[in-house]
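J.: I have a structure here, written as structure tokens, and I will follow up with some questions on it.
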Amino acid sequence: MTVARAIRERVPPLTAIPLPRAVDRRLLDQRWPVRELAAPPPGSGLAPVLGDAGAPVVGHAIDSMRFGLDFALHRYAKYGPVSWMGAFGQRIVVLAGPDATQAVLVNRDKAFSQEGWRVFIERFFHRGLMLLDFEEHHLHRRIMQEAFTRDKLAVYLRQAAPVLRTGVSAWGGDSRLRLYWLLKRLTLDVASRVFMDMPPGADAETLNRAFVGTVRAATALVRVPVPGGRWAAGLHGRRVLERYFTEKLPSKRRSGGADLFSALCHARGDDGAEFTDDDVVNHMIFLMMAAHDTATITSSAVAYHLAKHPGWQERARAESLALGGDLPDLAALESLRTLDLVIKEALRMTAPVPSLPRMTVRDTEVLGHYLPAGTLCNVSPNTNHYSPDHWTNPHQFDPERFAEGRREDKSHRFAWMPFGGGAHKCIGMHFGTNEVKLLMHEMLRTYTWSVPEDYRLKWDYVSLPVPVDGLTVQLKRLR
């Protein structure tokens, strides 16, 4: 293990260093002058967006990274579904709750663009699918859909299954370990095999380091390439990834492989449109990041809740063991109903992507509040997932809320939105969900795992959620 990797895995970021609860409470409750974002046009009947800038220079950036969900819920309770805050040198309008979310993601008047993402990640995920807008996005998504059909999904899962079985079995047993980092390396192995037809472990450390750099750079407070800083690491990671995929692209163009890289090289739209070489490289960098990071976060959340609730772990294990020893196919995975419920509840309690930025391209309104053109906005899935108006006891782990007869996720179109929504809803959500289910299936048939009764998982929100302690569990191999 390299020194840098050891530090990353064992030392929490400065924003996650433990402080006395009273100090955290004081930081979260700190008051700042409330101001209007902009005066509504005379006679419009619209209300101004109220909010505050937070601390000088940094605004609320550190608060949002330190407190994550608690910060989002605190702002919602204080200001309601439409407010603004200062962070990262910007004024950001926070749009929270299902109704505000629907106005933005349905985007009937096309007033909201993906330009909001570009503010944070354009330098690192240039022209990834999520950063494209309107007709161009529709064209790219239509071509890419060829790589995400149900038949392709079944092939991808057949490729992933042996990687996961081998990787999970190699962990050993009867030991305490930081599960998050094992899951992260394993999901990268899956992405390498399924997306690029590479054997597990090949170039894994180089790629992992590059992806970590690009993802964490998005929320850098110092947004210039200072040596040793997160922004510089992100730019270096992007160069590494571009060089890596560009070098491999010619062979993928020539091959007829079943991996995603090859599929993107040969995908055609209904009108014969295809991706350029630059398109393929940009999409691969974005999809590789999105696939392995979100799968890692979700599988970590599922594993944690199964450790905290051994009754649910045993119920899920019984269904997995009933499948026998064969590697499960897509139909077998779809029969694992308990894991369905647990995964959905884990996605509710920890949204893998807790922020969905947008930018207004014209003057518009949300729930009667005036937003001028050029306003950076952020949709907050976490707030929706903890709304007491849509969820019973939202802070309680209760997978049965997704069972037929309750279906609390149907209380509003955007009550549950771990994959986003609207035109930019995650194109790989079915692959990602089934990958997590396959991974959990292999863990359940190989091990039991637990955490101390008083253990509570704390998430680091510097970028995408990461367990501060790496999710330390006691693993025991089934006899």
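J.: Could you work out Rg/(2.2 N^0.38 Å) for segment 312-403, with Rg from alpha carbons only? Intermediate results must be reported in sequence, preceding the final value.
T.: Working: Rg = 19.4 Å, N = 92, 2.2 N^0.38 = 12.3 Å.
Compactness ratio reported: 1.59.
J.: Could you give P(r) for segment 71-131, binned at 5 Å from zero, as whole percent values over all Cα-Cα pairs?
T.: 4, 15, 20, 22, 22, 13, 3, 0
J.: Please give the per residue accessible area of segment 71-126, computed with a probe of 1.4 Å over protein heavy atoms only, in Å². Can you show the working numbers first?
T.: Working: 2050 Å² over 56 residues.
About 37 Å² of surface per residue is accessible.
J.: Heavy atoms only, probe 1.4 Å: what % of the accessible area of segment 72-168 goes to carbon and sulfur, would you let me know?
T.: Values: 2040 of 3870 Å².
On segment 72-168, the fraction of accessible area on carbon and sulfur atoms equals 53 percent.
J.: Would you compute, from DSSP H runs of 4+ residues alone, the mean residue ellipticity of the chain at 222 nm, taking -39500 (n - 2.57) per run and dividing by the full residue count, rounded to the nearest 500?
T.: Values: 18 runs with 232 residues, N = 479.
Helices in the chain give a 222 nm mean residue ellipticity of -15500 deg cm²/dmol.
J.: Let me ask something additional. So how do Arg445, Arg317, Arg239, Arg362 rank on accessible area, 1.4 Å probe, biggest first, that is with the largest at the start? Display every interim value, and only then the final one.
T.: Working: Arg445 70, Arg317 10, Arg239 130, Arg362 105 Å².
Greatest to least solvent exposure: Arg239, Arg362, Arg445, Arg317.
J.: Can you give the net charge of the other residues whose Cβ lies under 10 Å from the Cβ of Met417, counting K and R as +1 and D and E as -1?
T.: Values: positive: Arg348, Arg413, Lys425; negative: Asp409.
Net of charged neighbours comes to +2.
J.: Within straight cross-link reach of Lys308, meaning Cα distance under 17 Å, which aspartates and glutamates are found once same-chain residues fewer than 8 apart are removed?
T.: Cross-link targets: Glu345, Asp398, Glu400, Glu453, Asp454, Asp469.
J.: Separate question: For segment 385-479, state which GluC sites (Glu not before Pro) are in a DSSP loop and have at most 12 other beta carbons lying within 10 Å of their beta carbon.
T.: Numbers: sites: Glu400, Glu404, Glu408, Glu435, Glu442, Glu453; in loops: Glu404, Glu453.
When the GluC sites (Glu not before Pro) of segment 385-479 are filtered for loop state and at most 12 Cβ neighbours within 10 Å, Glu404, Glu453 remain.
J.: With every protein chain left in place, what is the accessible area of Thr294 in Å² (1.4 Å probe, nearest 10)?
T.: 40 Å²
J.: Still on this structure, I have one more. Note the per residue figure in Å³ for the convex hull of the C-alpha positions in segment 243-396. Intermediate values should be presented prior to the final figure.
T.: Numbers: hull volume 32.5 nm³, N = 154.
Taking the convex hull of the Cα positions in segment 243-396, it is 211 Å³ per residue.
J.: Stokes-Einstein D for segment 207-295 at 4 °C, 1.567 mPa s, Kirkwood Rh over Cα pairs, in µm²/s? Display every interim value, and only then the final one.
T.: Values: Rh = 14.2 Å.
The calculation lands on 91 µm²/s.
J.: Using 1/(1 + (r/R0)^6) with R0 = 45 angstrom and r between the beta carbons of Val224 and Asp151, what's the FRET efficiency to the nearest 0.05? Could the numbers behind the result be given before it?
T.: On the way: r = 47 Å, r/R0 = 1.04.
So, using R0 = 45 Å, E works out to roughly 0.45.
J.: What percent do you get for the relative contact order of segment 1-150 when only Cα pairs under 8 Å and 6+ apart count?
T.: Values: 122 pairs, mean separation 21.4, N = 150.
So the answer I get is 14 percent.
J.: Got the relative contact order for the chain handy, in percent, Cα pairs under 8 Å and 6 or more residues apart? Mind showing how you got there, number by number?
T.: Details: 759 pairs, mean separation 116.9, N = 479.
This gives 24 percent for the chain.
J.: Estimate the FRET efficiency between Gln396 and Lys425 by the formula 1/(1 + (r/R0)^6), using the beta-carbon distance for r and 25 Å for R0, to the nearest 0.05.
T.: Values: r = 27 Å, r/R0 = 1.09.
Here the calculated transfer efficiency is 0.40.
J.: Residue separation times 0.36 nm, minus the C-alpha to C-alpha distance between Ala47 and Leu367: what's the value?
T.: Numbers: separation 320, 0.36 × 320 = 115.20 nm, distance 0.91 nm.
That pair, Ala47 and Leu367, stretches by 114.3 nm at full extension.
J.: Given N residues in segment 69-223, what is its alpha carbon radius of gyration divided by 2.2 N^0.38 Å? The partial results should precede the final answer.
T.: On the way: Rg = 20.0 Å, N = 155, 2.2 N^0.38 = 15.0 Å.
Scaled against compact globular proteins, the figure is 1.34.
J.: A follow-up question, please. Based on Cα positions only, what radius of gyration and what Dmax would you give for segment 30-103, in angstroms?
T.: When restricted to Cα atoms, segment 30-103 yields Rg and Dmax of 12.7, 41 Å.
J.: In the full protein assembly as shown, how much of Arg158 is accessible to a 1.4 Å probe, in Å² to the nearest 10?
T.: Around 150 Å² of this residue is reachable by solvent.
J.: Further, regarding this structure: Using a 1.4 Å probe and counting only protein heavy atoms, arrange Arg401, Arg66, Arg223 so the residue with the most accessible area comes first. Numbers along the way, then the final one.
T.: Numbers: Arg401 0, Arg66 20, Arg223 65 Å².
If we order Arg401, Arg66, Arg223 from most to least accessible, we get Arg223, Arg66, Arg401.
J.: Continuing with this model, one more query. Stokes-Einstein D for segment 5-155 at 37 °C, 0.692 mPa s, Kirkwood Rh over Cα pairs, in µm²/s?
T.: 175 µm²/s
J.: Regarding segment 87-175, what whole-number volume in Å³ per residue does the convex hull of its Cα atoms give?
T.: Values: hull volume 20.1 nm³, N = 89.
In segment 87-175, the Cα hull volume divided by residue count equals 226 Å³.
J.: Further question: How much solvent-accessible surface does Phe431 expose, in Å² to the nearest 10, with a 1.4 Å probe and all protein chains in place?
T.: Ignoring ligands and nucleic acids, Phe431 comes out at about 10 Å².
J.: Can you find, among Ala346, Tyr370, Asn393, the residue farthest towards the positive end of the dipole of segment 341-479? Put +1 on the C-beta of Lys and Arg, -1 on that of Asp and Glu.
T.: Final value for the positive-end residue is Ala346.
J.: Using every pair of alpha-carbon atoms in segment 430-479, split the distances into 5 Å bins beginning at 0 and state the percent of pairs per bin, rounded to integers.
T.: P(r) for segment 430-479, in whole percents per bin: 5, 17, 15, 19, 25, 15, 3, 1.
J.: Could you tell me the calculated FRET efficiency between Ala331 and Ala39, based on Cβ-Cβ distance and R0 = 56 angstrom, to the nearest 0.05?
T.: On the way: r = 58 Å, r/R0 = 1.04.
It comes to 0.45.
J.: Give me the lysines in straight-line cross-link reach of Lys78: C-alpha distance below 27 Å, same-chain residues under 8 apart excluded.
T.: Cross-link targets: Lys410, Lys458.
J.: Continuing with this model, one more query. Based on the Cα coordinates of segment 269-328, what is the per residue volume of their convex hull in Å³? Numbers along the way, then the final one.
T.: Numbers: hull volume 8.8 nm³, N = 60.
That works out to 146 Å³ per residue.
J.: Over the Cα atoms of the chain, how large are the radius of gyration and the largest Cα-Cα distance (Dmax), in Å?
T.: Rg, Dmax (Cα atoms, Å): 22.1, 74.
J.: May I pose another question? If Tyr79, Tyr156 are ordered by their accessible area, calculated over protein heavy atoms with a 1.4 Å probe, which sequence runs from highest to lowest?
T.: On the way: Tyr79 40, Tyr156 5 Å².
Largest accessible area first, the list is Tyr79, Tyr156.
J.: Now for a different question. Could you give me D for segment 356-468, from Stokes-Einstein at 4 °C and 1.567 mPa s, where the hydrodynamic radius is the Kirkwood radius over C-alpha pairs? Units µm² s⁻¹, please. Kindly include the intermediate steps, with their values, before the conclusion.
T.: Details: Rh = 17.6 Å.
In µm²/s, the coefficient rounds to 73.
J.: Please tell me the relative contact order of segment 344-479 in percent, rounded to the nearest whole number, where contacts are Cα pairs under 8 Å and at least six residues apart.
T.: On the way: 153 pairs, mean separation 27.7, N = 136.
Once normalised by length, the contact order is 20 percent.
J.: Report, please, the projected area of segment 143-208 averaged over directions, based on the convex hull of its C-alpha atoms, in nm². Spell out each step's value before the answer.
T.: On the way: hull surface 21.3 nm².
Computing the convex hull of the Cα atoms and averaging its projections yields 5.3 nm².
The values are calculated or read from the model by the stated rules, or taken from the named source; none is laboratory data. Computed from a predicted structure; not experimentally measured. Note: ideal-geometry Cβ built from the backbone for every residue, glycine included; neighbour counts use all protein chains shown. Ligands, DNA and RNA are stripped out before the accessible areas are found, and what is left, the full protein with its side chains, is counted by its heavy atoms. Shrake-Rupley method; radii C 1.70, N 1.55, O 1.52, S 1.80 Å.
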